[in-house]
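What follows is a single structure, and I will ask about it in a moment.
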Number of protein chains: 4
Amino acid sequence: MTMRAAVAGASGYAGGELLRLLLGHPEVEIGTLTGNMNAGQLLGSLQPHLTPLADRELAATTTDALAGHDVVFLALPHGQSAAVAEELGPDVLVVDCGADFRLQNAAAWETYYGSPHAGTWPYGLPELPGCRPELRKATRIAVPGCYPTAASLALFPAYAERLAEPEAVVVAASGTSGAGKAPKPHLLGSEVMGSMSPYGVGGSHRHTPEMAQNLGAAAGEPVSVSFTPTLAPMPRGILATCSAKARPGVTAEDVRAAYEKAFADEPFARLLPEGQWPNTAAVYGSNAAHIQVALDDSARRIVAISAIDNLTKGTAGGAVQSMNIALGLPEELGLSTIGVAP
Amino acid sequence: MTMRAAVAGASGYAGGELLRLLLGHPEVEIGTLTGNMNAGQLLGSLQPHLTPLADRELAATTTDALAGHDVVFLALPHGQSAAVAEELGPDVLVVDCGADFRLQNAAAWETYYGSPHAGTWPYGLPELPGCRPELRKATRIAVPGCYPTAASLALFPAYAERLAEPEAVVVAASGTSGAGKAPKPHLLGSEVMGSMSPYGVGGSHRHTPEMAQNLGAAAGEPVSVSFTPTLAPMPRGILATCSAKARPGVTAEDVRAAYEKAFADEPFARLLPEGQWPNTAAVYGSNAAHIQVALDDSARRIVAISAIDNLTKGTAGGAVQSMNIALGLPEELGLSTIGVAP
Amino acid sequence: MTMRAAVAGASGYAGGELLRLLLGHPEVEIGTLTGNMNAGQLLGSLQPHLTPLADRELAATTTDALAGHDVVFLALPHGQSAAVAEELGPDVLVVDCGADFRLQNAAAWETYYGSPHAGTWPYGLPELPGCRPELRKATRIAVPGCYPTAASLALFPAYAERLAEPEAVVVAASGTSGAGKAPKPHLLGSEVMGSMSPYGVGGSHRHTPEMAQNLGAAAGEPVSVSFTPTLAPMPRGILATCSAKARPGVTAEDVRAAYEKAFADEPFARLLPEGQWPNTAAVYGSNAAHIQVALDDSARRIVAISAIDNLTKGTAGGAVQSMNIALGLPEELGLSTIGVAP
Amino acid sequence: MTMRAAVAGASGYAGGELLRLLLGHPEVEIGTLTGNMNAGQLLGSLQPHLTPLADRELAATTTDALAGHDVVFLALPHGQSAAVAEELGPDVLVVDCGADFRLQNAAAWETYYGSPHAGTWPYGLPELPGCRPELRKATRIAVPGCYPTAASLALFPAYAERLAEPEAVVVAASGTSGAGKAPKPHLLGSEVMGSMSPYGVGGSHRHTPEMAQNLGAAAGEPVSVSFTPTLAPMPRGILATCSAKARPGVTAEDVRAAYEKAFADEPFARLLPEGQWPNTAAVYGSNAAHIQVALDDSARRIVAISAIDNLTKGTAGGAVQSMNIALGLPEELGLSTIGVAP
């Protein structure tokens, strides 16, 4: 039952990571690759690490080019997915790595993205309560943002078990690939090496409402999120340091129990043994999320930290994991929990 | 009025940075250099960047070796300063880069350091309210920890003006030099490059009570601090992302005004123009602290971020700045606000 | 025909990379893991990236522990392999990632390693002329050094076709994992980030005679090698910039033809299209070697550059590739030519 | 005798480094700053590390803007200096950090730069035999390229003493700031971190004829240079690994003596003690060049390695050093041999 998959946006970082994973997926055959800016070029010059696809030529992103596939992955700039998806038939599985269909709240979308809301698709974070059932037999999937993936995995167990007050603080450090491949001065190697730099401070980052949506759903009440992203001098990885005030009476044992329950049967989200904290190197290139939690009894805060690879579990790996579920394949197919370290 | 200065612990990172700065100080002559582990070795093989001192030989750290100087800088492992300082006369200015004399609360010391409290010296963070007067004519100075320097500068204005609730959250990323020069597996380049890793999570880091002490003094009431340090893949720099809930009614204008007031006349702590956020590269090798603040009105949190060089403003530069004050020299002498970038 | 494999030295970088690859090998089952310094510890605390093996306990490196396997990989410090190998029966395939059995010339061994020569095993660089036949049905394999792998792949075609004078110059930059996991001050992240540093200059590096052996065999005459290794601020990767004077009359077309011929049928060594130069990121975590060559007609030198991952193709991947040949398995089994980039 | 200095191209990396140094120069007052692309912007937003100049506005690069200064530094793209310099009077000292006036051979210029040769100015590498006299009272100075600075310092003593055959091999690793601040995809942090990549291989890099010019002048005969530059994952620094065949009969003592003689009285170029090799971290942000040499007796090659900061000694520091000589100031004024490390 080999599925034929197209990737729109194959010259970017998300597209490249999708191809890296799909090359190792036993039930997927790689079909058309598109990239508007680089149509006509060979992939070998744009993504030299994808050795087996070096001689593949990129097509323009058109309905014709994407037709005739079982799965179409969209790794396009925000706002372009809706038009492309509309042209694809209802039988095609469309997996959108962009933001267009992630938010349920149209007002929040318009506030943060400044354009009309295109709609809401099943949300591709299977570890969240309620997500897996919606993904089964889905033909449209919205892949979560990389930061919301990291922060939601770190905090949802505390909210699902009513252990935390509904005000979360998230400070996350991301590798630079999260900012994409379009060249901008502040993303130059000379600028980012040796430097930590915050951006989107004060609640303005577009991933803020997505985190609030996920944590609020887990909590059954609105959760406010204070989110500060920072750019770290590394190509990949997100370390999300998340905390919230513990509700009165909550103990360290309560916290541990909630997290053990949440991740007991998860193939990719792993609660580390007590005392061992996650780091991004351990999940480099893998679909694993490493998670640890502690109760700071003096400050009465639950501190939960997750490490993911922003391009793998945070984007392309999450996309493939959700695709597997939608297609009825084993959820782990073609994905690995083994990081490339050191 | 040239002062003769000794540096105990000249082979480590703090000692090396002290020498880098003192070499450029017009009123200081560099005297004895000690380093127990490396006594007898030439500095050129241990600190090859200090070209003008390449032929200096290290002595053992003894009272005799340190005698006959106007200023003695101690860059020793925690717990060793008290014994050395006792032997030095009351006329010698002793500047301790270690933790021994930073805390006022003996119980907090014993909880976090597990040894008897040696005492409290004037605290060398001149920008904090009340510190400069204590430093003038001081003969003993406790140099603050690097993280408390960054976090206190970021948050004290909010507390001094009663804008923030007394529960602070601090997540800070530090370059690896903050962990010192003693070789340990998790500090190997192979481990730290490409990785963000937290440590001392849940309130266990020893800099936590020092932050609480500084912020509490500014607030006039106890302030709890939830502190998470992380190791970032860079040699130097601290980016401290700090936040606290805004008190009811506090506006963005109130916040801006408090910070403008706090830093208006500071030679080293600089509030950036609105909209420009600090990054560690801009203060690399300099004694500047770059600070920015915003009110996240949706989450009702004041978010303040500071960037310093952990070895300069966070240790050796702060030490020299306080020395200048104690000796009655211009505070800026031998120090720079110019970073080495890119 | 699942083979049971033991790894001696599982806590180090070579051992960790072997396990990363063997976990994905369809015909290998991972048996005993040993690590003398860390015997009794769980692998999860030492190699947190190897998520599926987190609960495996390390044994001491004894004959008993290694008995009962089809394949034993030795990732031990130089000089320890011979004693271990002797105890293992002749039917066991022993793959030594150390240097002990790489050199044919006992005198060269003694000069460079200062101990008696243990012997010579079939050499595990299948791309070199004459190596594959010796590896088939071998029960002992000497895995090449990482630098000799990179330099030999870059230059052997020029020597095999008699295009180059027998004096080679090799300048190679390596990621720090090549220096191992034993903590030493000069390998600290603080020291290596932002720094390029040479070592073993002037012909003293132990990989020099191994390169001369490989190139001399290809040339059919002795080849002298001037080799300078440098440590680069990255965890993995070798970029080897190699050159030799072109023989009189040699043209760019001659050079291109020789390299096309040498790599036409190789599954892992890839000659890039003309004009595209290799970089280490493109082979990160993969078993591919990317190679390019040019004739500098003005200086009359053939300049050949190769990029490999020192831990994969340069150590553990090369080991698995040779194991596949020795066991009669498809050479590419369990190995990938896809890098993890960016 | 304070000199008023203008900097054309103040928003780029060379311009920023010039300003960093000039801010600390006791005889220079900083006048007009220009930057065509960023005219009208404040320097604080473009070069946030230059804290004291944060409120300076950039002008367009016009003759009027540059008039009225004693010294004008040009940090412009290649090919733009000649037109600007012509408009400045003969009494103004013009220091060109671009390539326009470096080469003596018009044919070589045209081959490598593809435009008419603008002329030749006194060459600003004071350590080279014959350069200092030409710089005294000069009113036009061509600052050398960064790679030629590193390679010429490493090899000229061997050629000046006739110890080496006239065929040099130079392999140099440079930090990314050498490639400038214009954003290009291959210079993104995501691409360069963790990667070594060669470029301009096979003799095509424009710094090749400049090296040949310098070494040929030292040797008194033409010297061919095989030059391979590589981009290293660090913001600053050049490590140049240079070698040439030793002439018959040359001994290690001959080599050492030549290098000791060459650098005995140099304030910035330092021959390290025997056995200690340079690294780029030790000269980070400093005007020092660290040099070491060895004779590889087996391969009969002289191997000389130099480390410089490409922006300091390799560009802006070299410019200030030559300015000092031209103005009759002490050569070391405003410059330091102290690196910022770790």
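The values are calculated or read from the model by the stated rules, or taken from the named source; none is laboratory data. Quick caveat: nothing in here was measured; it's all calculated off a predicted structure. We place every Cβ from the backbone using ideal geometry, glycine too, and count neighbours over all the protein chains shown. Remember, those area values only see protein heavy atoms, side chains included, never the ligands or the DNA or RNA. Shrake-Rupley method; radii C 1.70, N 1.55, O 1.52, S 1.80 Å.
Only one of B:89, B:15, B:40 is open to solvent by less than 50 Å² (accessible area, probe 1.4 Å) and either in a helix (DSSP H, G or I) or closer than 29 Å to residue B:112 by Cβ (or both); which?
B:15
Another question about this same structure. Kindly check whether there is at least one residue in the stretch C:191-198 that is within 9 Å of another protein chain (Cβ to nearest Cβ), under 20 Å from the mean Cα position of the chain (by Cα) and hydroxyl-bearing (Ser, Thr, Tyr).
no
Condition check: under 22 Å from residue B:239 (Cα atoms), in a loop (DSSP other than H, G, I, E, B) and either polar (S, T, N, Q) or open to solvent by less than 40 Å² (accessible area, probe 1.4 Å) (or both). Does residue B:98 satisfy that?
For residue B:98, the condition - under 22 Å from residue B:239 (Cα atoms), in a loop (DSSP other than H, G, I, E, B) and either polar (S, T, N, Q) or open to solvent by less than 40 Å² (accessible area, probe 1.4 Å) (or both) - is met.
Can you tell which of C:116, C:48 is part of a loop (DSSP other than H, G, I, E, B) and over 30 Å from residue A:271 (Cα atoms)?
After applying the criteria, what remains is C:116.
Sticking with this one: More than 14 Å from chain A (Cβ to nearest Cβ) and either more than 30 Å from residue B:92 (Cβ to Cβ) or buried (at least 24 other Cβ atoms within 10 Å of the Cβ) (or both) - does that describe any residue in the stretch B:236-244? Give the steps one after another, and end with the answer.
Quick first cut of the stretch B:236-244, residues more than 14 Å from chain A (Cβ to nearest Cβ) only: none.
Within the stretch B:236-244, not a single residue is more than 14 Å from chain A (Cβ to nearest Cβ) and either more than 30 Å from residue B:92 (Cβ to Cβ) or buried (at least 24 other Cβ atoms within 10 Å of the Cβ) (or both).
Related question: Please go through the stretch C:187-201 and give me each residue that is free of Cβ contacts under 8 Å to residues at least 12 places away in the same chain and either of a type outside the set (A, V, I, L, M) or farther than 30 Å from residue B:12 by Cα (or both), ordered by number.
Listed by number, the residues that qualify are C:189, C:190, C:191.
Any idea which residue in the stretch B:123-167 is nearest to the chain's Cα centre (by Cα), counting only those that are closer than 13 Å to residue B:219 by Cα and among the hydroxyl-bearing types (Ser, Thr, Tyr)? Steps first, please.
Within the stretch B:123-167, the first condition is being closer than 13 Å to residue B:219 by Cα, and the residues that meet it are B:128-130, B:152, B:155-167.
Applying the additional criterion that residues be among the hydroxyl-bearing types (Ser, Thr, Tyr) yields B:152, B:159.
Numbers: B:152: 10, B:159: 20 Å.
The qualifying residue nearest to the chain's Cα centre (by Cα) is B:152.
Could you please give the count of residues in the stretch B:210-235 that are of a type in the set (D, E, K, R) and at the interface with chain A (Cβ under 8 Å from one of its Cβ atoms)?
Taking the stretch B:210-235 and keeping what is of a type in the set (D, E, K, R), we get B:210, B:221.
Within this subset, residues satisfying the condition of being at the interface with chain A (Cβ under 8 Å from one of its Cβ atoms) are none.
Qualifying residue count, the stretch B:210-235: 0.
Take the stretch D:272-317 and flag every residue that is of a type in the set (Val, Ile, Thr) and open to solvent by 10 Å² or more (accessible area, probe 1.4 Å).
Passing the criteria: D:293, D:315.
Same structure, new question: Check off (1) without any contact (Cβ under 8 Å) to a residue 60 or more places away in the chain; (2) away from chain A (no Cβ under 14 Å) for residue D:150 and give me the number that stays unchecked.
Condition not satisfied by residue D:150: (1).
Within the group C:69, C:78, C:25, which residue is modelled with pLDDT under 95 and either within 29 Å of residue A:338 (Cα to Cα) or in the same structural domain as residue C:178 (by the TED database) (or both)?
Checking each option against the conditions leaves just C:78.
Pairs please, first residue from the stretch C:66-78 and under 19 Å from residue C:312 (Cα atoms) and assigned to a loop (DSSP other than H, G, I, E, B), second anywhere and at pLDDT below 95 and open to solvent by 20 Å² or more (accessible area, probe 1.4 Å), Cβ atoms under 6 Å, 6+ apart in sequence or on different chains.
none
Report whether or not residue B:204 is open to solvent by 30 Å² or more (accessible area, probe 1.4 Å) and either within 24 Å of residue B:322 (Cα to Cα) or within 11 Å of another protein chain (Cβ to nearest Cβ) (or both). Reasoning before the result, please.
Values: open to solvent by 30 Å² or more (accessible area, probe 1.4 Å): yes; either within 24 Å of residue B:322 (Cα to Cα) or within 11 Å of another protein chain (Cβ to nearest Cβ) (or both): yes.
Spelling it out, residue B:204 is indeed open to solvent by 30 Å² or more (accessible area, probe 1.4 Å) and either within 24 Å of residue B:322 (Cα to Cα) or within 11 Å of another protein chain (Cβ to nearest Cβ) (or both).
Filter the stretch A:323-341 down to residues that are touching a strand residue (DSSP E or B) at 6+ places or on another chain (Cβ under 8 Å) and open to solvent by 10 Å² or more (accessible area, probe 1.4 Å) and give me whichever is nearest to the other protein chains (Cβ to nearest Cβ).
Per the criteria, the residue is A:337.
Given the conditions (1) open to solvent by 10 Å² or more (accessible area, probe 1.4 Å); (2) more than 8 Å from every other protein chain (Cβ to nearest Cβ); (3) of a type in the set (Val, Ile, Thr), and given that residue D:320 satisfies all but one, which numbered condition is not satisfied?
(1)
Right, next: Residue D:222 - would you say it is open to solvent by 10 Å² or more (accessible area, probe 1.4 Å) and free of Cβ contacts under 8 Å to residues at least 12 places away in the same chain?
no
Another question, if that's okay. Looking only at the stretch C:226-282, which residues are of a type in the set (Phe, Trp, Tyr) and more than 18 Å from the chain's Cα centre (by Cα)?
Those that are of a type in the set (Phe, Trp, Tyr) and more than 18 Å from the chain's Cα centre (by Cα): C:259, C:277.
Then there is this: Please verify whether residue C:153 is in a loop (DSSP other than H, G, I, E, B), at pLDDT 95 or above and either touching a His at 6+ places or on another chain (Cβ under 7 Å) or open to solvent by less than 20 Å² (accessible area, probe 1.4 Å) (or both), treating the condition exactly as stated.
Values: in a loop (DSSP other than H, G, I, E, B): no; at pLDDT 95 or above: yes; either touching a His at 6+ places or on another chain (Cβ under 7 Å) or open to solvent by less than 20 Å² (accessible area, probe 1.4 Å) (or both): yes.
Against the criterion (in a loop (DSSP other than H, G, I, E, B), at pLDDT 95 or above and either touching a His at 6+ places or on another chain (Cβ under 7 Å) or open to solvent by less than 20 Å² (accessible area, probe 1.4 Å) (or both)), residue C:153 does not qualify.
Scan the stretch D:164-193 for residues that are part of a loop (DSSP other than H, G, I, E, B), in contact with an Asp or Glu (Cβ under 9 Å, 6 or more places away or on another chain) and surrounded by fewer than 24 Cβ atoms within 10 Å (Cβ to Cβ) and jot them down. Write out each step before concluding.
So the first thing to find is which residues in the stretch D:164-193 are part of a loop (DSSP other than H, G, I, E, B), and the list is D:175, D:180-184, D:193.
Okay, now just the ones that are also in contact with an Asp or Glu (Cβ under 9 Å, 6 or more places away or on another chain), so D:175, D:181.
Residue satisfying the conditions is D:181 alone.
Identify, by number, the condition in (1) within 14 Å of chain D (Cβ to nearest Cβ); (2) at pLDDT below 95 that residue B:38 doesn't meet.
Going through the list (1) within 14 Å of chain D (Cβ to nearest Cβ); (2) at pLDDT below 95, residue B:38 breaks only (1).
Still on this structure: Please return the ranges of strands (runs of 3 or more DSSP E) entirely within the stretch C:244-315 where 2 or more residues are in contact with a Gly (Cβ under 8 Å, 6 or more places away or on another chain).
C:289-296, C:301-308
Six or more apart or on different chains, Cβ under 7 Å: which pairs go from a residue in the stretch D:157-185 that's assigned by the TED database to the domain that holds residue D:207 and closer than 30 Å to residue A:194 by Cα to one that's β-branched (Val, Ile, Thr) and in a helix (DSSP H, G or I)? Could you list them?
That search, which allows pairs on different chains as well, returns D:176/D:192.
Same structure again: In this structure, does residue D:103 turn out to be in a helix (DSSP H, G or I) and of a type in the set (A, V, I, L, M)? Show your work before the answer.
Values: in a helix (DSSP H, G or I): no; of a type in the set (A, V, I, L, M): yes.
It is false that residue D:103 is in a helix (DSSP H, G or I) and of a type in the set (A, V, I, L, M).
Considering only the stretch A:56-71, I want to know if a residue exists there that is within 14 Å of chain C (Cβ to nearest Cβ), more than 30 Å from residue B:245 (Cα to Cα) and either out of contact with any helix residue (DSSP H, G or I) (no Cβ under 9 Å at 6 or more places or on another chain) or open to solvent by 20 Å² or more (accessible area, probe 1.4 Å) (or both).
Yes, there is a match, as at least one residue in the stretch A:56-71 is within 14 Å of chain C (Cβ to nearest Cβ), more than 30 Å from residue B:245 (Cα to Cα) and either out of contact with any helix residue (DSSP H, G or I) (no Cβ under 9 Å at 6 or more places or on another chain) or open to solvent by 20 Å² or more (accessible area, probe 1.4 Å) (or both).
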